[in-house]
Amino acid sequence: MKIFVNPGHGGDDPGACGCGLRECDVALNIGKLVAKYLRDVGYDVKVYQFDGLYEICDASNYWNADLFVSIHCNAGGGTGCETFYYESSSKGRKLADAIQNQLVKSLPLRDRGLKTKIGGGYDIVVTKYTDCPAVLVETAFIDNETDANLLRDNEDDFAKAIARGVTDYVALSTPDVIDIPVDR
């Protein structure tokens, strides 16, 4: 299983900033931890932080990833977590659901649910143009003091929840092979 982890932003784009945090730093820290946990269970993981969205998709596609997880921090004064997927991807929806469930079960976050489009009704490039099931996780609001404290103090908990969501999805997507003896 090859999993492409994309910590959001980077390069000249720090992403959202608030409460003394930069999105690119928080996402990278969480992304590296997610990769560690997924490698610990035997998955092949590539971590790639870059600010060019189409280049990120190309890198994932070229690597032939089986799953794609982009990690971000939200902004705009809200609170909680939400996970995006491409609307016509049933596998992307299942992956998003598994990750979202683990986040709200593991951390004191408001469940903002699953979504397919950002403000204005636009598709998310990295969920639309990757060749595998893909999600974008908005972990918490970096400009909300309560959420920012969670991001600052609980990066490992966010990472474990995202990694568990991935492993839950894989477990649910892999049919059990049952060896049933056949009487002849």
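Lys/Arg Cβ at +1, Asp/Glu Cβ at -1, dipole of the chain taken about the Cα centre: which of Val137, Cys57, Ser173 is farthest positive-ward?
Of the listed residues, the answer is Ser173.
Dipole of the range 2-173, Cα-centred, from +1 at each Lys and Arg C-beta and -1 at each Asp and Glu C-beta, to the nearest 20 debye?
Working: 18 positive and 25 negative charges, 111 e Å.
Charge dipole, the range 2-173, about its Cα centre: 540 debye, nearest 20.
Just to confirm my numbers, what's the Cα centroid distance between the range 4-62 and the range 113-156 in Å?
Value for the Cα centre distance between the two parts: 12 Å.
Nearest 5 is fine: what % of DSSP beta bridges in the chain come out antiparallel, could you say?
That works out to approximately 35 percent antiparallel.
Taking amide H positions as placed 1.01 Å from N in the peptide plane, with prolines and chain starts having none, which residues 5 or more places from Asn74, or on another chain, fall under 5 Å of its amide H?
The answer is Thr139, Ala140, Phe141, Ile142.
If you stretched the chain out fully between Asp66 and Leu53, how much longer would it get, using 0.36 nm times the residue separation minus the C-alpha to C-alpha distance?
In short, 2.8 nm is gained.
Taken together, the values in this text are just the output of simple stated rules run on the coordinates, not laboratory data. Nothing here was measured: the structure is a model prediction, and the numbers come from that model. With ideal geometry, Cβ positions are generated from the backbone for all residues, glycine too; neighbour counts draw on all protein chains shown.
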